Structure formats: C-alpha cells, structure tokens
Amino acid sequence: MPIEQKQDRIILTHPKGSSAEILYYGATVISWKSVSKGSSTEPQERLFVSAKAALDGSKPVRGGIPVVFPCFGAPSHPEHTKLSQHGFARNTIWSFGGIVLDNEAGVSIRLTLEPTDAIKQVYERPFHLAYVVTLAEHQLVTDLHVKNTALSSSGPLEFQALFHNYIRAPSNELFVTPLTGVTFYDKTEATDELKSQPKVEKRDKVDVKVFTDSVYENAPGTYEVTWPSGKIEVRTKNFPNVVVWNPQEQAGAKIGDMEAGGWERYVCVEPGHVRGFVSLATGETWIGQQVITVEE
Ligand code: TA6
C-alpha cells in the first residue's frame, strides 16, 4: 500500500480509494478522504481545513487534526507558563518514525517528537512522543503515546492531550450524541473554563447552531456526529473529556485564518484529557487513541 514521503508530508493511500495526508509540522492530518460504508461513491474529504490555513509551518493549521500537547487552551500548570495556547506539539516539526503496518487491511505510520532546542526554551521536562496514524477503508485511527523519559525520580510528567478534530459537516444541520446528562463547562461564558460553573447537558442531541465551546467531563468516550447526509463515529480510549466547538460567525469572523463562512462547514469534536492532568511516573507510557469511522 503506497506510502509517499514528500518534503513536508506523508501521503497514505488505500487500495479501496481512501487516503490521508499528514504534515510533519504538528503531525497534523490535513486530509482524510474516505468512502462511506456500503457506498460506491468517490472518496470524500472528511476533515475541514480552512482555505486560509497556513500549511507552511508558519502557524498551527486551522483545521484537520491538530495534536494538542502538553496543555489544552491557555496553560494552567506551573511547568507550562512559557507555553502558547494548546502547547507545542501542533507547531513543531515531527520526525518520521517508520512504517508500523502495511497490508491489505490498512497502512500505519509513526511520527515522533522529542524536545527540540526551541521546545527546551519553553519546557524543561524530558519526554518522547510517538503519534501513530492508521488508514483503513472507512476508518482513520490516531494514537498518541507519551513516555516520561526522565531518568531520575524527578516526579511525574503532568500533561494534557487532545485531538483537535475539525470534522467536515454542515454545522447548522448536525447533532453530536450522546451527551445528555454529562457535566460540561461553557467556555463561551468564561474564557477560563476552570472558573466557569459546571452545567449538565439537558439536550438529547447537541447542536452547534450558535457559538459553542463546551468542555464535557466524564464523557462517554464514543460519539456520533450525524447530519442529513452523513454520520461519523468517534470512538476513543483513555480520553475522559470531549470538547465540542464551533465559533459560528460571532467568534469565527474574528479568526484571522478562518475562511469566510468556514464555521458553516465543520464541527470540532475533540477527545482529550483536558480537565486536570495525566500524571505519568518516570519510565511509564500513556496512550490515548481515537478511531474515526465513516458510517454514512
Ligand atoms: O478546542 C476549542 C478551543 O479551545 C476554542 O476555545 C478555540 O480557542 C479553539 O480551541 C481554537 O484554538 P486555536 O488556538 O487553534 O485558535
């Protein structure tokens, strides 16, 4: 199964027509094309990337699947004070770490990241990240492996991690389920969700017809995004939270690299560990995974 390495990206293709493109910059999946199950249509693009997104490494990609590590949102950990929003993983060039799998079922590659000189200027902890992207006929799987490589007992590595999925879908016609009864923090009311009061989701189906920026706690782990002509499932492991975000025009029009009306064409459903921190002992490895399936 072809794996094409270009100067700035890797392109994976599947014999049944699906494909994925991953920039070394930020290990950002910037394209995932797949056919729906039971359909003979041409593969369709399943991710949203703004036409105004920078793909040259000058800034984090506005779309696709940015990898968020070691902090989500504005840094809140004492070791993260010099970090920018969403951390450094999404705006650092990763290395190709080899082919994990290549057979008729799918193709899987690994990207790796260790502290660069630029990272060391803002972050003191040793770590090793491996990001494995697997393309199958109707699925895209991403898993992040975080290893605490500190030699001495310098205390646990404390971090947050999230996959910032921009799922291509008509934002005014879609629903995200099942979130009924789940506690969430509304960032549209308080930029620092740590200070906002928790709410309980009362809706049977969550829409994003208005500016939405919700951080769900103790989330179920498997989510469906449905709209009249499509359905995507996101199944996760080791991510107790999920963020649902769409800025709509109210906030989207202020985002410099957001194409005009871009907010009408996606929803961000972002599995993560973002409330509190993962605490990883010396020598231990943490793995967070998502399996995204095109159901319809
Ligand atoms: O995941 C939702 C969120 O935290 C929103 O608050 C919004 O800031 C979004 O991420 C995009 O962040 P970015 O730094 O990529 O502009």
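Determine which lysines satisfy two conditions relative to K16: a Cα distance under 17 Å, and not lying fewer than 8 residues away in the same chain.
K33, K37
Less than 16 Å apart at the alpha-carbon level, and either on another chain or at least 8 residues along: which aspartates and glutamates does that give for K254?
Correct list for K254: D213, E264.
Rolling a 1.4 Å sphere over the protein heavy atoms, what is the accessible area per residue of the chain, to the nearest Å²?
42
Starting from the Cα of K202, draw a straight line to each of the lysines and keep only those under 28 Å, dropping any in the same chain fewer than 8 residues away.
Those lysines meeting the cut-off are K187, K231, K237.
In the stretch 124-193, carbon and sulfur make up what percent of the accessible area (probe 1.4 Å)?
Carbon and sulfur together cover 51 percent of it.
Beta carbons within 10 angstrom, averaged per residue: use that to sort the peptides 201-214, 248-261, highest first.
201-214, 248-261
Sorted from largest to smallest, which semi-axis lengths in Å does the alpha carbon gyration tensor of the stretch 1-110 give for its equivalent ellipsoid, taking the root of 5 times each eigenvalue?
The answer is 29, 16, 13 Å, longest axis first.
Say a paramagnetic label sat at a point 7 Å from the Cα of T81, along Cα to Cβ; which residues of the stretch 125-151 have their backbone N under 20 Å from it?
Residues passing the 20 Å test: 125-126.
Mind jotting down the distance between the C-alpha centroids of the stretch 197-235 and the stretch 53-131, whole Å?
About 26 Å separates the Cα centre of the stretch 53-131 from the one of the stretch 197-235.
Could you run the Debye sum over the Cα atoms of the chain, one equal point scatterer each and no solvent, and tell me log10 of I(q)/I(0) at q = 0.08, 0.11, 0.15 Å⁻¹, two decimals?
Debye intensities relative to I(0), on a log10 scale: -0.32, -0.62, -1.22.
Multiply the residue gap between E124 and E217 by 0.36 nm, knock off their C-alpha separation, and tell me the result in nm, one decimal place.
Working it through step by step, the gained length comes to 30.6 nm.
Per DSSP H run of n ≥ 4, the term is -39500 (n - 2.57); total these for the chain, divide by its residue number, and report the mean residue ellipticity at 222 nm rounded to 500 deg cm²/dmol.
Per the formula, -500 deg cm²/dmol.
Evaluate the Kirkwood expression for the hydrodynamic radius of the stretch 146-262, namely the inverse of the mean inverse distance over all pairs of different C-alpha atoms, and round to one decimal in Å.
16.0
The values are calculated or read from the model by the stated rules, or taken from the named source; none is laboratory data. Here the structure is a predicted model, which means the values were calculated and not measured. Please note: Cβ atoms are built from the backbone with ideal geometry, for glycine as well, and neighbour counts cover all protein chains shown. We work out accessible area using only protein heavy atoms, side chains counted, and drop any ligands, DNA or RNA first. Shrake-Rupley method; radii C 1.70, N 1.55, O 1.52, S 1.80 Å.
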